[in-house]
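Have a look at the structure below before the remarks.
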């Protein structure tokens with residue numbers, strides 16, 4: 001095989017930055033990437049989810065098979081999401097996953113093979129290699145995996161390099177790939193966790209967001225929502241973005257057409273984040289450090305054990321985890337049955353009062369609701 005330095009240098013000179021996740025093999029490629037000047041331009045992080053619990057934690061589920069194209073793709077997707085969080089400049093990022101079972105210090109009954117996948121904003125690519133078992137020792141198989149990893153990373157980085165892998169006819173390499181579908185379809189299928197929809201309709205999947213979120217169904221959006229966003233934005237000194245979850249605790253998921261209908265209300269006026277986070281605990285996971293703008297009635301539910309399976313301990317744990325993530329809640333008063341209720345009317349558990357901040361009535365009060373507007377629309 002030729003020297004790796006020339007290829008690694010080209011990768012370092014390309015634009016994308018990457019997070020690599022390797023398990024079972026591929027560590028030699030990591031060493032090569034780090035051993036050539038300019039590695040900081042390419043590598044954001046290297047993760048080694050070698051143990052089973054580590055892998056489950058990294059990809060978010062128990063793999064049906066640890067060395068498979070599916071698992072490599074799950075690793076690449078998780079690495080891509082990690083890269084979005086770590087990127088320091090608005091440049092493309094790549095997630096790469098490599099999982100392998102190769103020769104070791106004891107005989108293996110199964111095949112020697114590796115699976116590598118890359119994930120970018122536009123699509124994914126996969127590489128599945130089965131070795132001619134017994135032809136190479138561990139160092140030989142590790143070398144081939146590492147060259148294949150460089151091939152995958154260079155291709156995902158936009159390079160057209162034909163890497164000599166040193167394969168023999170008895171080895172079997174199968175490649176594949178696919179373009180991602182549109183952002184809404186990917187969100188509704190569960191492939192991505194969130195979609196940022198800007199005022200001009202441009203969508204970004206799993207984008208980072210630094211601001212405050214006003215969650216709701218917005219069916220329809222009305223002046224109360226808009227004034228609440230304005231008041232909260234003035235208090236915080238930052239953008240307030242609307243958030244719509246496409247899944248709900250008690251209702252079926254929203255249909256794509258319904259999501260599009262609700263989004264149309266915001267075009268040209270405000271940014272919207274679409275998520276699959278039906279609870280505030282999940283929202284806090286997606287957006288650590290965010291301020292959530294809510295009404296009095298939502299705050300009441302947030303501290304009610306009946307919304308946590310009737311378990312006070314589950315409610316307290318959720319509040320503690322959201323607090324630990326840096327999140328907080330701005331609470332606006334609401335009229336109900338002729339009485340205006342504020343944060344003072346919420347029974348906040350002892351010790352959690354700093355998690356909540358009141359939006360004074362002097363800053364915001366509009367007695368209107370989407371439910372009332374829908375009822376009025378039906379009567380008309």
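The values are calculated or read from the model by the stated rules, or taken from the named source; none is laboratory data. Predicted model only: the values in this text are computed from it and were never measured. Please note: Cβ atoms are built from the backbone with ideal geometry, for glycine as well, and neighbour counts cover all protein chains shown.
Output the residues belonging to the stretch 113-130 that are in a loop (DSSP other than H, G, I, E, B) and touching a helix residue (DSSP H, G or I) at 6+ places or on another chain (Cβ under 6 Å). Full working, then the answer.
Within the stretch 113-130, the first condition is being in a loop (DSSP other than H, G, I, E, B), and the residues that meet it are 120-122.
Passing the criteria: only 120.
What do you reckon, is residue 276 free of Cβ contacts under 8 Å to residues at least 24 places away in the same chain and either closer than 30 Å to residue 255 by Cα or under 20 Å from the mean Cα position of the chain (by Cα) (or both)? Considered against the rule, which asks whether it is free of Cβ contacts under 8 Å to residues at least 24 places away in the same chain and either closer than 30 Å to residue 255 by Cα or under 20 Å from the mean Cα position of the chain (by Cα) (or both), residue 276 comes out as no.
The condition (being touching a strand residue (DSSP E or B) at 6+ places or on another chain (Cβ under 8 Å), touching a residue at least 40 places away in the same chain (Cβ under 8 Å) and farther than 29 Å from residue 192 by Cβ) is satisfied by just one residue among 121, 172, 161, 142: 172. For the stretch 67-99, the set of residues classified as modelled with pLDDT under 95, in a loop (DSSP other than H, G, I, E, B) and over 15 Å from residue 156 (Cα atoms) consists of 87, 88, 89, 90, listed by residue number. Yes or no: the stretch 147-161 includes at least one residue that is in a helix (DSSP H, G or I), farther than 17 Å from residue 93 by Cα and assigned by TED's automatic domain parsing to the domain that holds residue 111. Yes, some residue in the stretch 147-161 is in a helix (DSSP H, G or I), farther than 17 Å from residue 93 by Cα and assigned by TED's automatic domain parsing to the domain that holds residue 111. Just one of the numbered conditions (1) part of a loop (DSSP other than H, G, I, E, B); (2) closer than 24 Å to residue 42 by Cβ; (3) touching a strand residue (DSSP E or B) at 6+ places or on another chain (Cβ under 8 Å) is not true of residue 209: (2).
May I ask you to verify whether residue 256 is loosely packed, with under 15 Cβ neighbours inside 10 Å, touching a residue at least 60 places away in the same chain (Cβ under 8 Å) and either under 21 Å from residue 352 (Cα atoms) or within 22 Å of the chain's Cα centre (by Cα) (or both)?
yes
Output the residues belonging to the stretch 242-253 that are touching a residue at least 40 places away in the same chain (Cβ under 8 Å) and either buried (at least 19 other Cβ atoms within 10 Å of the Cβ) or within 20 Å of residue 229 (Cα to Cα) (or both).
Taking the stretch 242-253 and keeping what is touching a residue at least 40 places away in the same chain (Cβ under 8 Å), we get 243, 246, 253.
Within the stretch 242-253, 243, 246 qualify.
Residue 144 meets each of the listed conditions (1) modelled with pLDDT of 95 or more; (2) within 29 Å of the chain's Cα centre (by Cα) apart from (2).
Residue 203: within 29 Å of residue 70 (Cα to Cα), surrounded by 15 or more Cβ atoms within 10 Å (Cβ to Cβ) and assigned by TED's automatic domain parsing to the domain that holds residue 295, yes or no?
Yes.
Residues in the stretch 170-185: is at least one over 18 Å from residue 124 (Cβ atoms), in a loop (DSSP other than H, G, I, E, B) and under 20 Å from the mean Cα position of the chain (by Cα)? No; the residues of the stretch 170-185 include none that is over 18 Å from residue 124 (Cβ atoms), in a loop (DSSP other than H, G, I, E, B) and under 20 Å from the mean Cα position of the chain (by Cα).
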